[in-house]
Amino acid sequence: MNSRHSHPHPQHDHGRGREHGHAHGHEGRRRTAGLRHRLGHLLRPHSHESADKVDRALESSAEGMRALWISLAVLGVTAIAQAVVVVLSGSVALLGDTVHNAADALTALPLGVAFVLGRRAATRRFTYGYGRAEDLAGIVIVVTITASAGFAAWTAVDRLLHPRDVAYLPAVAVAAVIGCIGNEWVARYRIRVGRKIGSAALVADGLHARTDGFTSLAVLLGAAGAAMGWRLADPIVGLAITAAILLVLRDAAREVFRRVMDAVDPALVDGAERALLDVPGVREVAELRLRWIGHRLRAEVAVVVDGDLTVRQAHHVAVAAEHALLHAVPRLTAALVHADPAPAPGMADPHAGLAHHAA
């Protein structure tokens, strides 16, 4: 029996469940958790109706959009100021930093499109909605970081082969400091909002901005070397900037890859399992799956209940299990909960008809 927001469960793997039984310790813990939960409702009444879930999803998307546009404005102003100094000074280190800042600002565009698409309602073709557009935006960001690393490397190598003096060194130093401050502010803002709303793409973009701040400091070192007469300081710093970009590329690519592959933090799974086992009537968690769709989580669960329960009673347990998950798992917006009868001696496997579909 599925809970009220559910459809028939695709699989049922009871072999991976753990035997918990009806031990008195579990029952006492469940009664305590139930009492604590009811008191929480009295102190903080709320609803889990679909309209409330949509409102929370829209609010998180709006917060992500706000973070994008504010950071776009800050990085845009930073890049323009640095570009003016690049034209005057001819510094390739500052050029690499400027290009990286400009690319980082432009990554707001695919993320903005993803957040807008994520607000669209599910359709009969896209039955889970459009939240996965954020994962595509994350891939675009990784490609953008790769392109900026390649351009920075090319300009630095060209300057190593054809060295020349850098003009307006004080202006280069000031531009480097501006770049560092602007990028670090944007990095902190994007990472904070990204983690709050569960957007891996926005967190990756924040990490990108943080590395830009460090590369701006490298430009400052290059300007100091050039001021002391070392002509190769500028292109060498440009190569160092390339190496820094590659480091953030590795972190961003890993974050996006995990999201595309439906990876979740194992701590979320552990917390969800504990919450389910605290629900009165749940004997065992036979299957538990979590997946990100954009910056929202969905769950698919099979719980084992007493086989003598009526349909209504089993449904009540499934709804209570869904309710417990919505409280225990941050950013969870929907759960599919299926109630399976506990096996009894002499009773046939209720899923025997599906055995020939097993992988």
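The values are calculated or read from the model by the stated rules, or taken from the named source; none is laboratory data. Everything quoted here is computed from the prediction, not taken from an experiment. A quick note on method: Cβ atoms are made from the backbone with ideal geometry, for glycine too, and the neighbour counts reach across all protein chains shown.
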Given the conditions (1) under 28 Å from residue 192 (Cα atoms); (2) in contact with a Leu (Cβ under 9 Å, 6 or more places away or on another chain); (3) among the hydroxyl-bearing types (Ser, Thr, Tyr), every one holds for residue 98 apart from (2)
For the stretch 209-242 the number of residues that are of a type in the set (Phe, Trp, Tyr) and outside any helix (DSSP H, G or I) is 1
**Study point:** Residue check for residue 270: without any contact (Cβ under 8 Å) to a residue 12 or more places away in the chain, surrounded by fewer than 20 Cβ atoms within 10 Å (Cβ to Cβ) and within 20 Å of the chain's Cα centre (by Cα)
**Key:** yes
Qualifying residue in the stretch 336-354 (condition: under 30 Å from residue 62 (Cα atoms), part of a strand (DSSP E or B) and in contact with a helix residue (DSSP H, G or I) (Cβ under 8 Å, 6 or more places away or on another chain)) = yes
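Of all residues in the stretch 249-267, which are acidic (Asp, Glu) and surrounded by fewer than 14 Cβ atoms within 10 Å (Cβ to Cβ)? Quick ask: steps written out before the conclusion?
Going through the stretch 249-267, the residues acidic (Asp, Glu) turn out to be 251, 255, 262, 265.
Once the filter is applied, which keeps residues that are acidic (Asp, Glu) and surrounded by fewer than 14 Cβ atoms within 10 Å (Cβ to Cβ), the stretch 249-267 yields 262, 265.
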Residue count, the stretch 150-166, condition closer than 30 Å to residue 200 by Cα and modelled with pLDDT under 80, comes to 2
Q) Within the stretch 210-218, is there a residue that is under 30 Å from residue 114 (Cβ atoms), crowded, with 20+ Cβ neighbours inside 10 Å and either modelled with pLDDT of 85 or more or not assigned by TED's automatic domain parsing to the domain that holds residue 251 (or both)? A) no
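Every residue, every condition in (1) in the same structural domain as residue 213 (by TED's automatic domain parsing); (2) modelled with pLDDT of 80 or more; (3) of a type in the set (A, V, I, L, M), yes or no:
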| site | (1), (2), (3) |
| --- | --- |
| 91 | yes, yes, no |
| 97 | yes, no, no |
| 113 | yes, yes, yes |
| 119 | yes, no, no |
| 124 | yes, yes, no |
| 127 | yes, yes, no |
| 139 | yes, yes, yes |
Only one of 328, 324, 339 is in contact with a strand residue (DSSP E or B) (Cβ under 7 Å, 6 or more places away or on another chain) and either surrounded by 17 or more Cβ atoms within 10 Å (Cβ to Cβ) or closer than 27 Å to residue 198 by Cα (or both), namely 339
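If you check residue 246 against the conditions, is it in contact (Cβ under 8 Å) with a residue 60 or more places away in the chain, surrounded by fewer than 21 Cβ atoms within 10 Å (Cβ to Cβ) and closer than 30 Å to residue 214 by Cβ? So that I can check it myself, show each step before the final result.
On the way: in contact (Cβ under 8 Å) with a residue 60 or more places away in the chain: yes; surrounded by fewer than 21 Cβ atoms within 10 Å (Cβ to Cβ): yes; closer than 30 Å to residue 214 by Cβ: yes.
Yes: the conditions hold for residue 246.
State whether one or more residues within the stretch 120-141 are under 26 Å from residue 236 (Cβ atoms), of a type outside the set (Asp, Glu), in contact with a Phe, Trp or Tyr (Cβ under 9 Å, 6 or more places away or on another chain) and assigned to a helix (DSSP H, G or I). Step through it out loud before you land on a result.
The first filter runs over the stretch 120-141 and keeps only residues under 26 Å from residue 236 (Cβ atoms), leaving none.
No; the residues of the stretch 120-141 include none that is under 26 Å from residue 236 (Cβ atoms), of a type outside the set (Asp, Glu), in contact with a Phe, Trp or Tyr (Cβ under 9 Å, 6 or more places away or on another chain) and assigned to a helix (DSSP H, G or I).
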Flag for residue 253 being assigned to a helix (DSSP H, G or I) and assigned by TED's automatic domain parsing to the domain that holds residue 131: yes
Screening 321, 344 for residues that are out of contact with any Cys (no Cβ under 8 Å at 6 or more places or on another chain), at pLDDT 95 or above and farther than 30 Å from residue 256 by Cβ leaves only 321
Inside the stretch 168-193, the number of residues satisfying the requirement of being in a helix (DSSP H, G or I) and surrounded by fewer than 24 Cβ atoms within 10 Å (Cβ to Cβ) is 17
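Would you mind stating whether residue 283 is at pLDDT below 90, in contact with a strand residue (DSSP E or B) (Cβ under 7 Å, 6 or more places away or on another chain) and not assigned by TED's automatic domain parsing to the domain that holds residue 111? Outline the logic, then answer.
Working: at pLDDT below 90: no; in contact with a strand residue (DSSP E or B) (Cβ under 7 Å, 6 or more places away or on another chain): yes; not assigned by TED's automatic domain parsing to the domain that holds residue 111: yes.
No; evaluated as a whole, the condition is false for this residue.
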